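FYI, it's all coordinate maths here, none of it is from the lab. Everything numeric here is computed off the predicted structure, so don't read it as measured data. Counting neighbours? That spans all protein chains shown, and the Cβs are built from the backbone with ideal geometry, glycine included.
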Amino acid sequence: MSFWTPLTAFVILAVSFWLGDIVSYKTKGYVSGIIIAAFVYLTGYWTGIIPSDPAAAGALASTGLPVLMSSFGIPLMITHLGTTIELRDLLKEWKTIIIALVGLVGIALVCFTVGTWIFGRVYALAAAPPISGGIIAAIIVSTQATEAGMPEIGAYAMLVSSFQMFVGIPVASFMLKKVVAKFIADGGANEIVKAEEKKGFSLRIFPEMPKSMQSSNAYISKLAIVALIAYFVANLTAIPNTSPQNYFLNPNIAYLLFGIIFMELGFLEKDSLNKAGSFGMMMLGILSLIPGNFASVTPEAFLRMLAPIAGLLIMCAVGIAIFSAIAGKVLGYSVPLSVAIGITAMIGYPGTYMISTECVKGLDLPDEEKQRIVDYVMPKMLVGGFATVTVASVIFAGIIAPLIFI
């Protein structure tokens, strides 16, 4: 009887993130659970304890979770996130979007100047798109590298993408702790005024679902319907002859926007997945996408590229922090909050969601006050992350990637 089975792989996944939750709670959110889980998998892959070959018995891929979550888990989760953000709150976050985008200027400046001088043009420019956002930006660089006959640079771009959260998450967590401390000191956690302010603002056209029909299947089905509509609309905006496929309206942005719109119209319920009792399982499934980033990273490859990876990540984080802080100062945001927003480019989803909830762990406050803190922090982190990771990073990569191998 083999020890490694799909169930074994799932147990390792669940326990790794459970351990991360414990560490995050004990450190009051200063050490993110995602980092702990990532270290567990890196150690397991490098020692051979955890199978790194996706085709191996008991590898995480054998559970089917990564494929399933890529196919429908992320669309459902992002659409659900739209049901947690009210339209008037999103419109209030225009400053957040500006701060996040200005932070990318810091990445470009670092990589075209000091990064190029220290680590060389190819290493520096190949790091810029992955640092600016998600895996699509890294894939764009990797494709360009392969076409240029430099596949090792493609692997390097993927390494940068895989390890940027080791810099981004601690910085964002540290800054958010400062934001939360000030928010509490200013009495924000005690405010109970929003309910009155929101009266009279409603776009509802769908009647409320009768209690007799409110079931998990109903909530999830309606989320899936809206996600499917968003997917088809986004694909109508696909840009021809782009590889990987690019869009004028990125599907991830469409899922979020349609979640917001259909919640405002009354078709979707607020906080849908939690009402369905499915949020925890869905989130764990989506977290299964993270370990695969580290499976192909050997100790030798990591050591060879360690200096440019670490150096550029740290320098770009500084660049983001400086430019975000300047933009935030102009727009009236505090430095810690501005830096946290800017650094979302190095985190992405679900990291932005995780650290938004982890920042209240360990606080000796009533649940209602913790929720007010999360309601203040989360829209800024999610909107900042979506602005950079799903939109700006792809544009950024499309501009910079062709310049790398000239």
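A few comments on the model shown:
- Where a label projected 7 Å from the Cα of residue 88 along Cα→Cβ would reach, residues of region 264-287 with amide N under 14 Å: 264
- Ranking 356, 374, 346 by Cα position along the charge dipole of region 294-406, where only Lys, Arg, Asp and Glu carry charges on their C-beta atoms, puts 346 farthest toward the positive end.
- Take the Cα of residue 233, step 7 Å toward its Cβ, do the same at residue 211, and the gap between the two points is 3.3 nm.
- Arranged from fewest to most other beta-carbon atoms within 10 Å of their beta carbon, 94, 18 become 94, 18.
- Under a Gaussian network description of the chain, with springs only between Cα atoms under 10 Å, the residue in 338, 202, 272 that fluctuates furthest is 202.
- In terms of overall dimensions, region 69-404 has a Cα radius of gyration and Dmax of 20.3, 66 angstrom.
- Extension gain, residue 304 to residue 202, is 31.1 nm, computed as 0.36 nm per intervening residue step minus the present C-alpha separation.
- The magnitude of the dipole of region 303-406, with charges of +1 and -1 set on the Cβ of Lys/Arg and Asp/Glu and taken from the Cα centre, is near 400 debye.
- Cα convex hull of region 308-406, projected area averaged across orientations, nm²: 7.9 nm²
- When region 1-132 is reduced to its Cα atoms, the Kirkwood hydrodynamic radius in Å: 18.7 Å
- Furthest towards positive pole of dipole, 149, 251, 112, structure part region 69-404, Cβ charges: 112
- Modelled label positions at residue 185 and residue 147, each set 7 Å beyond Cα in the direction of Cβ, lie 5.2 nm from each other.
- Reduced Cα scattering model of region 343-383, Debye log10 I(q)/I(0), q = 0.18, 0.33 Å⁻¹: -0.48, -1.12
- Calculated mean residue ellipticity, 222 nm, the chain: -21000 deg cm²/dmol, from DSSP H runs (n ≥ 4) at -39500 (n - 2.57) each, averaged per residue and rounded to 500.
- Taking the chain as a Gaussian network of alpha-carbon nodes connected by springs under 10 Å, the highest mean-square fluctuation of the residues 362, 328, 168 belongs to 362.
- 25 Å Cα-Cα threshold exceeded, pairs from 178/275; 92/222; 182/275; 182/380; 26/177: 178/275; 92/222; 182/275
- The chain, dipole about Cα centre (Lys/Arg Cβ +1, Asp/Glu Cβ -1), debye to the nearest 20: 440 debye
- For the chain, the longest site-free run once GluC sites (Glu not before Pro) in DSSP loop states with at most 16 other Cβ atoms within 10 Å are removed: 209-406
- Choice from 278, 324, 24 showing the highest fluctuation, given a GNM over the chain with Cα pairs closer than 10 Å: 278
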